[in-house]
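So the structure is just underneath, and the comments pick up after that.
The values are calculated or read from the model by the stated rules, or taken from the named source; none is laboratory data. Quick caveat, the model's predicted, so the values are computed rather than measured. Positions of Cβ are generated from backbone atoms using ideal geometry, with glycine treated the same way; all protein chains shown enter the neighbour counts. Surface areas here come from the heavy atoms of the whole protein model, side chains and all, with no ligands, DNA or RNA. Shrake-Rupley method; radii C 1.70, N 1.55, O 1.52, S 1.80 Å.
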Amino acid sequence: MDYLTPLSLLLFTIFLFFILGLCKWDTSRSPSRSGRLPPSPTAFPILGHLHLLTDKPHHTFTRLAHQLGPLIYLRLGRVPTVVVSSAHLARLVLKTHDHIFASRPQLVGPRYLSFGCSDVTYSTYGPYWRQVRKICVSELLTSKRVNSFQLVRDEEVDRMLSSVLTQSGSEVDLRKLFSTLTNDILCRVAFGRRFTTEEGPIGKLVRAFEGSEALFAGFCVGDYFPEWKWVNSVSGLNRKLEKGMKELREACNEIIDEHMNNNNNNNNNGSDSTRREDFVDVLLRVHRRQDLEVPITDDNLKALMLDMFVAGTDTTSNALEWTMTELARNPRVLKKAQEEVRKVASHTEKVDETHLQHLRYIKALVKEAMRLHPPVPLLIPRESMEECNLDGYEIPAKTRVLINAYAIGRDPQSWEDPLVYSPERFEDDSNIDVKDQEYNFLPFGGGRRGCPGSAFGLATLEIALARLLFHFDWELPQGVGPQDVDTDESFGLVTFKKSALVLVPITNKSYEFKGM
Ligand code: HEM
């Protein structure tokens, strides 16, 4: 014991008092409660359950739900959180008490990158959110508006098929293919231009996005210890977020200026019959209105422009990649889907959107892929606006709520053989819709904060898939069998397959794509 000097003993004692002090601070600041909280696993002092935020938290929470039940209470740092993992509880949150759980927590990333959480996705519940959601839905996302973008989808799917044609017989990275497709479609609809351009304001936006994506998804101390926001300054995170916001603001300003100049030129030259109004034009029109319940600022306008793009692109390309992954793993399903689309469109050289209503199996296999691989497995966090009782448990006000759509989609109480990819379950029961009344199937969430873009997303998914399956046969790279195609995931804002899916398209002579 001769190495235990009086100095080290003193330092050790101070350290011990510091830790005990922190623990006391930790418990004394826990919210006082009257009711019974849901079951909770063992927590660490200070950190609470932060250790459960693993690289795949949706898996960790699913395992915990098997041990503790479908409603779990966690303390993530300082933030009270509940995780919901059954259809019954999802119904309580998304339907019965929807009005209580319709807000979002103000997370640090969106406070910068969504211009003060003023987009639809991250804004708190209230008149502003109601107003901007209504604008986005009516101008971009109603079925009528989604139908009106058919030509854009058609041209961009043609472009994708042309690219596949040139790579026929060789290995193709489907992630790149699908990401280009969804970016180009949304960019044309929202900003009037294709995304894949190196130059001009859109090129600038692409680069700004690339820089800010990791910041959006990364771990941030301030989201779990609101009192320790200063850590974000010390760690340099705030500086990076400010830089990201500046770049996004500049890129948006250029896009807006370009639109305003075009509109001015058109007004000066007389009416322009060729240029179609895009989402930025709509927002500029709304921005000028004097009769809005809550005025829309310049920054709000930018947040809304970016929101449609961010919310609608990766989600859709991700669902396409997971669907093709399951087809590669299940040759029986792939063959049946190809037989369906080739039969339905046998008298034409091309599948178009009028054929989709007859493609029941293809619609079913898309849903089945989203059941097993929901692109946003924990949905987007919600926050309770007041205290609420869920199944006999007290949920305090300002509790963060995570709904584990991944666990619910694989719950044996809701699904027979839940781990088997079987589109027939959706084909036989066409009642299981994306707005599932039973709350077993939640890839688009639900309630008043549910995804307003499901029709837009599905329209792209279904036509892209139908045409890929109609014109091409799909093989695995040499030496790879269906059982070798992995489904390992990389969790993020959208949960992608860890390694990009690579397949080999083979031109089918009977259904050859004739090019654009
Ligand atoms: C396959 C494609 C898509 C999937 C899987 C998907 C999934 C989701 C999910 C899970 C949520 C959270 C819902 C909740 O909290 O209950 C959401 C919200 C949202 N989605 Fe989608 N989405 C898709 C496509 C789109 C598209 C194409 C758009 C727009 C162009 C869009 C716009 C939004 C918006 C604005 C919100 C926030 C709604 C709010 O907070 O009020 N989504 N989406």
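Annotations
- Surface/4 of the Cα convex hull for region 401-516, nm²: 10.3
- Coordinate range along principal axes, alpha carbons of region 30-154, Å, largest first: 54, 31, 30
- Total formal charge among the other residues, if their Cβ is under 11 angstrom from that of F444, Lys/Arg +1 and Asp/Glu -1: +1
- Filter on K144/K398; K56/K243; K229/K398 - keep pairs with C-alpha separation over 26 Å: K144/K398; K56/K243
- Computed from label points 7 Å out along Cα-Cβ, the spacing between Q106 and R448 is 2.0 nm.
- Take every DSSP beta bridge whose two residues both sit in the chain; close to 85 percent of them are antiparallel.
- Sparsely packed loop sites in region 200-229 (the chymotrypsin sites (Phe, Trp or Tyr not before Pro) outside DSSP H, G, I, E and B with at most 16 other Cβ atoms within 10 Å) comprise F219.
- The ellipsoid that matches the Cα gyration tensor of region 127-283 has semi-axes, each √(5λ) in whole angstrom, of 32, 25, 17, with the longest given first.
- Binning all Cα-Cα separations of region 61-100 at 10 Å, short to long from zero, yields these whole-percent fractions: 30, 47, 23.
- Of the residues W228, F470, L501, the one whose Cα sits farthest toward the positive end of the charge dipole of region 6-511, with +1 on the Cβ of Lys and Arg and -1 on the Cβ of Asp and Glu, is W228.
- Neighbourhood net charge (12 Å Cβ-Cβ; Lys/Arg +1, Asp/Glu -1) for N253: -3
- For the chain, the membrane-span-like helix rule (DSSP H, alpha carbon extent of at least 30 Å along the helix axis, mean Kyte-Doolittle at least 0.5) picks out 6-28; this says nothing about an actual membrane.
- Cubic angstrom per residue, convex hull over Cα atoms of region 446-485: 103
- Using a cutoff of 8 angstrom between alpha carbon atoms and counting only pairs six or more residues apart, the relative contact order for the chain works out to 23 percent.
- Heavy-atom surface analysis with a 1.4 Å probe gives the chain a carbon and sulfur content of 54 percent of its accessible area.
- Per residue, in Å², the accessible surface of region 6-511 once ligands and nucleic acids are set aside, probe 1.4 Å: 46
- Computed over region 367-417, relative contact order equals 38 percent, with contacts defined as Cα pairs under 8 Å that lie 6+ residues apart.
- Eligible lysines near K335 by straight Cα distance, threshold 21 Å, same-chain separation 8 or greater: K343, K350, K363, K367, K509
- Based on every Cα atom in the chain, Rg and the maximum pairwise Cα distance Dmax equal 25.1, 93 Å.
- Cross-link reach list, lysines versus K176, counting only Cα pairs under 20 Å and skipping chain neighbours closer than eight places: K204, K497, K498
- Most to least packed among 439-447, 89-97 [average Cβ atoms within 10 Å]: 439-447, 89-97
- Neighbours of T81, meaning other residues whose beta-carbon lies under 12 angstrom from its beta-carbon, give a summed charge of +3 when Lys and Arg score +1 and Asp and Glu score -1.
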